[in-house]
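Right, one structure below, let's go through it.
The values are calculated or read from the model by the stated rules, or taken from the named source; none is laboratory data. Please read these numbers as outputs of a predicted model, since none were measured by experiment. We place every Cβ from the backbone using ideal geometry, glycine too, and count neighbours over all the protein chains shown. Please note that ligands, DNA and RNA were not included when accessible areas were found on the heavy atoms of the full protein model with its side chains. Shrake-Rupley method; radii C 1.70, N 1.55, O 1.52, S 1.80 Å.
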Amino acid sequence: AGGGTRNKHWMQIKADVSDCIFEVAPFSDVTLLGAAMIAGIGAGLFAGADEAVQAMTPQGGEVFYPDAARHRRHLRIFEQGYLALQTPLNAFYSLLEKSTRDAYESC
């Protein structure tokens, strides 16, 4: 949902990183569509959410499928890069917090 769905490259990255299929509506204002569906249900035009979705969901959106090789590459960067940095970063932040706390307590 939203303007980011117009960027096909970004949507493919999201599919690859998450290893999920992304189905993108043919327009970006799906929040307004959801509000219209709720209004239709409230006004009695639809018996429930399933009926509103069937009647109002536009066809012709694009589907982004994850690429397994790119997913493995992103996973390796996450595990060997991001996760590996967490231990030294947490130690640094603890030191910084203690140092800041000590500086204010001595005032």
Using θ = phi - 60° and Karplus 6.51 cos²θ - 1.76 cosθ + 1.60, couplings along the stretch 26-38 (whole Hz; Gly, Pro as x)
x, 8, 8, 8, 6, 5, 5, 4, x, 5, 5, 5, 4
Average accessible surface area per residue within the chain, 1.4 Å rolling probe, Å²:
76
Over the heavy atoms of S99, what accessible area does a 1.4 Å probe trace out, to the nearest 10 Å²?
70
What figure, in Å² to the nearest 10, do you get for the accessible area of K98 with a 1.4 Å probe and non-protein molecules left out?
100
Given a 1.4 angstrom probe, I'd like the percentage of the accessible area of the chain that is carbon and sulfur, rounded to a whole number.
60
Ranked from the most accessible area to the least, with a 1.4 Å probe and all protein chains present, what is the order of R72, R101?
R72, R101
Label assignment, Rg and Dmax of the Cα atoms in Å derived from the structure, set [x] 19.4, 64; [y] 13.9, 41; [z] 22.9, 67:
[z]
Cut-off 13 Å between beta-carbons: net charge of the residues surrounding E79, Lys and Arg +1, Asp and Glu -1:
+3
